[in-house]
Amino acid sequence: MDKAVIFGIYDFVSFHIGRALLNEGVEVIGIHTDEAGEAPFVEEKRLEVGRNANFKEIALSELDTYREADTIKTTFIFSLYDLYMSNTETILHKQTVTSLQQFIESNKNLTNILFILPIQLLSSKESQALQTVIKQASAWGKKNFYYYLPSIYGPWQPSTFIFQQALIGKMEKQDIKESKREWTGDVLFVEDAIKVILSSSEYSDTEDEMKFLIESGLEDYWNNCAAQLKLNNVMTERIQSELFEENKTINRVTVNRVTPFSDSIEKQLEIVKRFN
């Protein structure tokens with residue numbers, strides 16, 4: 001990948017993807033979703049990537065007039081996972097989706113679309129707003145890759161996730177509030193998940209659509225990690241994984257190496273200590 005346009009650049013997973021690409025020398029255009037309000041710690045994240053000469057930020061409100069002049073093949077990265085977990089699908093109103101469609105269609109160098117999705121969207125009952133966008137995007141005439149993720153943790157994890165709440169609770173007393181949107185059947189460190197996403201996006205030069213379910217490959221891993229954070233008594237909403245096993249179009253991919261939880265959660269705790 002030589003160039004990427006990332007929607008919601010300062011959202012959780014999107015930000016980590018952008019940073020990983022910049023570290024590999026890839027040019028990144030980050031779309032700041034200003035209509036959704038300020039994501040947490042935008043200025044801190046902007047300082048982290050803004051000094052990189054390969055990074056350029058544009059506002060979502062500027063999308064209608066923004067055009068890329070070069071002919072470098074470019075990948076559009078669209079994390080519906082972040083919108084789902086932050087309950088901000090409303091940003092994808094008709095005008096926004098129309099602007100995205102026009103932007104993608106008018107920039108001929110945009111050849112691939114990488115959708116980052118919550119595993120729950122494998123069920124047609126979940127989030128009709130996001131399901132509608134996915135269906136519309138299939139008509140945009142690009143090669144589409146769909147990556148379904150379980151719960152994701154790591155630095156800058158939003159406080160809608162239980163792990164982040166547990167870490168904040170180490171410093172200030174607060175009750176843990178469950179999110180019915182957090183999948184607890186599996187969990188991945190964000191850097192491990194991104195390595196799989198970026199490597200598997202090079203799989204096919206022929207197929208117009210590919211779907212991947214990214215997994216840890218470890219039994220009961222979310223609960224094992226939760227136990228290390230002393231979350232044994234937290235009751236969580238569950239969607240049985242059996243609901244998804246009949247989908248034969250999904251390529252189930254296990255991460256190459258699971259970063260030890262003690263090491264990865266320490267990286268998340270470091271950011272919590274610094275900014276909370």
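Among the residues that make up the stretch 187-198, is at least one of them among the charged types (D, E, K, R) and under 22 Å from residue 273 (Cα atoms)?
Yes: one or more hits.
For the subset of the stretch 167-181 comprising residues that are open to solvent by 50 Å² or more (accessible area, probe 1.4 Å) and within 17 Å of residue 227 (Cβ to Cβ), which member is modelled with the highest pLDDT?
176
Got a number for residues in the stretch 160-196 being farther than 13 Å from residue 257 by Cα, in a helix (DSSP H, G or I) and of a type outside the set (Gly, Ala, Ser)?
Looking only at that region, the number is 6.
Each row is one residue, and each column tells you yes or no for (1) out of contact with any Asp or Glu (no Cβ under 9 Å at 6 or more places or on another chain); (2) closer than 16 Å to residue 14 by Cα; (3) not polar (S, T, N, Q).
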{"site": "43", "(1), (2), (3)": "yes, yes, yes"}
{"site": "46", "(1), (2), (3)": "no, yes, yes"}
{"site": "49", "(1), (2), (3)": "no, yes, yes"}
{"site": "52", "(1), (2), (3)": "yes, no, no"}
{"site": "56", "(1), (2), (3)": "no, yes, yes"}
{"site": "65", "(1), (2), (3)": "yes, no, no"}
{"site": "72", "(1), (2), (3)": "no, no, yes"}
{"site": "82", "(1), (2), (3)": "no, yes, yes"}
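Pairs, please: C-beta under 6 Å, at least 6 apart or cross-chain, first residue free of Cβ contacts under 8 Å to residues at least 60 places away in the same chain and in the stretch 60-84, second surrounded by 13 or more Cβ atoms within 10 Å (Cβ to Cβ) and aliphatic (A, V, I, L, M)?
Listed pairs, sorted by first residue: 60/31; 66/58; 80/117; 80/130.
Any idea which of 142, 135 is under 26 Å from residue 19 (Cβ atoms) and among the basic types (Lys, Arg)?
Going through 142, 135 in turn, the sole match is 142.
Give the residues of the stretch 92-118 that are within 25 Å of residue 182 (Cα to Cα) and open to solvent by less than 10 Å² (accessible area, probe 1.4 Å), sorted by residue number.
Once the filter is applied, which keeps residues that are within 25 Å of residue 182 (Cα to Cα) and open to solvent by less than 10 Å² (accessible area, probe 1.4 Å), the stretch 92-118 yields 113, 114, 115, 116, 117, 118.
Check residue 51 against each of (1) surrounded by fewer than 16 Cβ atoms within 10 Å (Cβ to Cβ); (2) under 28 Å from residue 148 (Cα atoms); (3) out of contact with any strand residue (DSSP E or B) (no Cβ under 8 Å at 6 or more places or on another chain) and name the one condition it does not meet.
Against the list (1) surrounded by fewer than 16 Cβ atoms within 10 Å (Cβ to Cβ); (2) under 28 Å from residue 148 (Cα atoms); (3) out of contact with any strand residue (DSSP E or B) (no Cβ under 8 Å at 6 or more places or on another chain), residue 51 comes up short only on (2).
State whether one or more residues within the stretch 136-148 are open to solvent by 50 Å² or more (accessible area, probe 1.4 Å) and within 24 Å of residue 193 (Cβ to Cβ).
yes
Could you count how many residues in the stretch 251-276 are of a type outside the set (Asp, Glu), open to solvent by 60 Å² or more (accessible area, probe 1.4 Å) and out of contact with any Pro (no Cβ under 9 Å at 6 or more places or on another chain)?
Looking only at that region, the number is 9.
Does the stretch 12-41 hold any residues that are modelled with pLDDT of 90 or more and assigned to a helix (DSSP H, G or I), and which are they?
Result: 12, 13, 14, 15, 16, 17, 18, 19, 20, 21, 22, 23.
On the basis of being surrounded by fewer than 19 Cβ atoms within 10 Å (Cβ to Cβ), modelled with pLDDT of 95 or more and either of a type in the set (D, E, K, R) or outside any loop (DSSP other than H, G, I, E, B) (or both), does residue 126 make the cut?
no
The values are calculated or read from the model by the stated rules, or taken from the named source; none is laboratory data. Everything numeric here is computed off the predicted structure, so don't read it as measured data. Using ideal geometry, Cβ is built from the backbone for each residue, glycine included, and neighbour counts are taken over all protein chains shown. Surface accessibility is based on the protein's heavy atoms, side chains included, excluding ligands, DNA and RNA. Shrake-Rupley method; radii C 1.70, N 1.55, O 1.52, S 1.80 Å.
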